[in-house]
Amino acid sequence: MSAPHPDLLTLLAGLAAVLVAASIIGYVLQWRLSPDGSNIVIENLNDRIRAWWVMVILMGLALIGGRMGVTLLFAFCSFAALREFVTLTNTRRADHWALAAAFFIVLPLQYYLIWIGWYGLYSIFIPVYAFLLMPIMAALRGDTDHYLVRIAEVQWALMICVFCASHVPALLSLDIPGYEGRNVLLIAFLVIVVQISDVLQYVWGKLLGRTKIAPKLSPSKTVEGFIGGALSATLIGAGLAWMTPFTPLQAGLLSFVIVLMGFFGGLVMSAIKRDRGVKDWGHMIAGHGGFIDRLDSVVFSAPIFFHLVRYWWSLT
Amino acid sequence: MLAKFVSGLIVGFARFITAVRGNWEGIDPADEQRIYFANHASHGDFVLIWTVLPPRLRRRTRPVAGADYWRKGRLKRFIGQNVFNALLIERHREKRTEDPVALMTAALDEGASLIVFPEGTRNTGDTRLLPFKSGLYHLAMARSSVDLVPVWVENLNRVMPKGEIVPIPLICTVTFGAPLRVGEAEAKQDFIARAEAALLALSPKTTVL
């Protein structure tokens with residue numbers, strides 16, 4: 001393992017400064033408005049800030065750990081997300097082998113392929129091999145009740161939680177001339193733009209939000225919040241061009257794509273939650289819900305970001 | 001020492017597979033003597049209950065388990081007796097040398113809390129709960145000052161259906177309801193019905209396809 005790139009250290013110091021500021025604001029708000037812990041919005045805000053500290057520290061350690069750290073971190077995130085997703089599906093006993101294969105063969109193998117950087121296989125392993133083999137395993141058990149629904153659910157779970165999420169560490173295998181040794185910063189760029197956009201949409205929505213975008217799916221999402229959050233996150237993304245191989249204009253455009261995909265990812269995952277009648281995917285992260293609640297937008301933007309960068313910038 | 005290490009391993013494994021969370025809905029996790037009575041769908045039920053108990057409560061809480069299963073083989077005996085300090089009772093009437101209720105009251109008198117599964121056997125069918133055996137009533141009558149706490153273990157039957165060896169990671173929850181006690185003049189079947197209803201009330205309404 002080589003020493004972390006100075007740009008990465010600058011970035012982590014910047015993030016720490018932002019979180020310190022957020023913590024102080026949260027502390028002051030609590031002291032002024034909710035000394036007895038009665039204001040739910042402020043308590044939730046402080047829960048979220050605390051969870052952000054944990055997430056930023058984990059992410060920072062993983063980025064410093066390089067390829068190994070990032071691959072392991074996202075393999076674990078995929079595992080936790082798949083666990084949440086499958087909990088909400090209609091699995092039956094006949095799916096037992098197929099599910100065991102999803103967790104203990106497909107998931108580790110996908111991340112192993114990412115780890116060795118075998119693009120030709122990791123980009124098709126789940127959509128081709130897993131998608132054909134898993135229905136076979138379920139069919140061999142002979143239970144045909146709701147067969148199509150069960151198969152579709154497990155395949156979608158793998159697609160979202162493993163295949164899409166694994167495109168974040170896959171960014172490390174891109175070969176961009178003049179950007180050698182700094183690929184972890186691409187991951188930082190993607191994750192920061194997605195997450196800051198979520199946060200800013202929440203903030204703009206709380207300040208100006210009037211018109212609901214999708215009242216049936218997600219009552220807290222508003223047009224004002226979306227526009228304000230998307231534009232400000234795009235600007236911040238353009239401002240982060242220094243840590244990427246992109247010009248500020250390119251970084252802004254890519255950020256805009258990331259933000260859009262992230263927003264729609266959140267909507268799609270909300271639709272699934274509504275369908276299953278739950279509010280959150282899980283209970284792992286205080287104030288945020290489950291892993292999928294936090295990952296939904298990253299998961300939708302990662303493969304698109306990966307392929308755009310690969311097509312226009314990468315040699316491999 | 002070894003037992004402590006193994007118990008840590010088992011608890012860690014249970015968390016890895018099920019990310020189990022305890023919902024203390026009807027009662028707080030206070031250090032009081034209690035009889036937890038739970039639904040029984042898998043051999044891992046008491047492991048999950050044990051996992052969500054705060055360590056201080058764990059030490060005094062003994063699962064009541066079937067001797068026929070937990071005396072078979074050295075590993076099971078070690079896990080049952082040394083790791084979980086299980087109170088083993090003979091389930092088959094004709095093999096009994098000691099009355100199970102007497103064993104349980106003796107353990108209560110030593111200060112232990114108990115985890116019991118009043119269905120008597122693992123529920124592997126489609127019904128949410130099997131009819132309770134009457135042991136719970138006799139235990140409640142024998143020590144009427146101890147709270148009976150209903151505990152619903154959700155999803156573990158899907159993690160490891162009967163006959164499978166590989167567990168599927170799924171999120172499980174353990175919900176603790178409001179405590180009950182047997183009424184002074186309460187008939188056996190009334191109390192059993194009340195206890196069953198209290199436990200069933202904790203089971204989430206499942207969305208069936």
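Observations, loosely collected:
- Looking only at residues of the range A:34-58 that are loosely packed, with under 14 Cβ neighbours inside 10 Å and of a type outside the set (D, E, K, R), we find that the one that is nearest to A:Val20 (Cα to Cα) is A:Val54.
- Of residues in the range A:103-147 being of a type in the set (Val, Ile, Thr) and under 18 Å from A:Val70 (Cβ atoms), the one nearest to the other protein chains (Cβ to nearest Cβ): A:Ile114
- No other residue among A:Arg182, A:Arg210 is under 21 Å from the mean Cα position of the chain (by Cα), more than 22 Å from A:Trp281 (Cα to Cα) and of a type in the set (Lys, Arg) apart from A:Arg182.
- Filtering A:Ser218, A:Ser197 for residues that are within 23 Å of A:Asn183 (Cα to Cα), modelled with pLDDT under 95 and surrounded by 15 or more Cβ atoms within 10 Å (Cβ to Cβ) leaves a single hit, A:Ser197.
- The residue of the range B:1-26 that is farthest from B:Leu202 (Cα to Cα), among those that are open to solvent by less than 20 Å² (accessible area, probe 1.4 Å) and assigned to a loop (DSSP other than H, G, I, E, B), is B:Ala19.
- Boolean, A:Trp31 is outside the structural domain of A:Gly117 (by TED's automatic domain parsing), open to solvent by 80 Å² or more (accessible area, probe 1.4 Å) and over 30 Å from A:Arg141 (Cα atoms): yes
- Test: residue in the range A:225-237 that is part of a helix (DSSP H, G or I), of a type in the set (Phe, Trp, Tyr), assigned by TED's automatic domain parsing to the domain that holds A:Leu99 and under 21 Å from the mean Cα position of the chain (by Cα): no
- Some residue of the range A:79-102 being away from chain B (no Cβ under 14 Å) and either open to solvent by 10 Å² or more (accessible area, probe 1.4 Å) or at pLDDT 90 or above (or both): no
- Filter pass, B:Asn85 being closer than 19 Å to B:Phe46 by Cβ, part of a loop (DSSP other than H, G, I, E, B) and touching a strand residue (DSSP E or B) at 6+ places or on another chain (Cβ under 6 Å): yes
- Restricting attention to the range B:78-132 and to residues that are charged (D, E, K, R), farther than 21 Å from B:Glu154 by Cα and modelled with pLDDT under 90, the residue that is most open to solvent (accessible area, probe 1.4 Å) turns out to be B:Arg93.
- Contacts under 7 angstrom Cβ, first residue in the range B:161-174 being at the interface with chain A (Cβ under 9 Å from one of its Cβ atoms) and closer than 20 Å to B:Thr51 by Cβ, partner of a type in the set (Phe, Trp, Tyr) and crowded, with 22+ Cβ neighbours inside 10 Å, 6 or more apart: B:Ile168/A:Phe103; B:Pro169/A:Phe103
- Index of the failed condition, A:Ile176 passing every other in (1) in a loop (DSSP other than H, G, I, E, B); (2) over 25 Å from the mean Cα position of the chain (by Cα): (2)
- Among the residues making up the range A:240-278, those that are open to solvent by less than 20 Å² (accessible area, probe 1.4 Å) and under 15 Å from the mean Cα position of the chain (by Cα) are A:Ser255, A:Ile258, A:Val259, A:Gly262, A:Phe263, A:Gly265, A:Gly266, A:Met269, A:Ser270.
- Helices (runs of 4 or more DSSP H) completely within the range A:1-104 that count 2 or more residues being within 30 Å of A:Trp156 (Cα to Cα): A:40-64, A:66-87, A:96-101
- Some residue of the range A:206-222 being in a helix (DSSP H, G or I), within 29 Å of A:Leu11 (Cα to Cα) and out of contact with any Cys (no Cβ under 8 Å at 6 or more places or on another chain): yes
- Breaking point among (1) within 17 Å of the chain's Cα centre (by Cα); (2) open to solvent by less than 50 Å² (accessible area, probe 1.4 Å); (3) among the aromatic types (Phe, Trp, Tyr); (4) farther than 27 Å from B:Val20 by Cα, for A:Trp281: (4)
- Given (1) over 16 Å from B:Leu148 (Cα atoms); (2) open to solvent by less than 10 Å² (accessible area, probe 1.4 Å), number of the condition B:Asp68 does not satisfy: (2)
The values are calculated or read from the model by the stated rules, or taken from the named source; none is laboratory data. What you are looking at is a predicted structure, and each value in this text was computed from that prediction instead of being measured. Cβ atoms come from the backbone with ideal geometry, glycine included; neighbour counts cover every protein chain shown. For accessibility, only protein heavy atoms count, side chains too; no ligands or nucleic acids. Shrake-Rupley method; radii C 1.70, N 1.55, O 1.52, S 1.80 Å.
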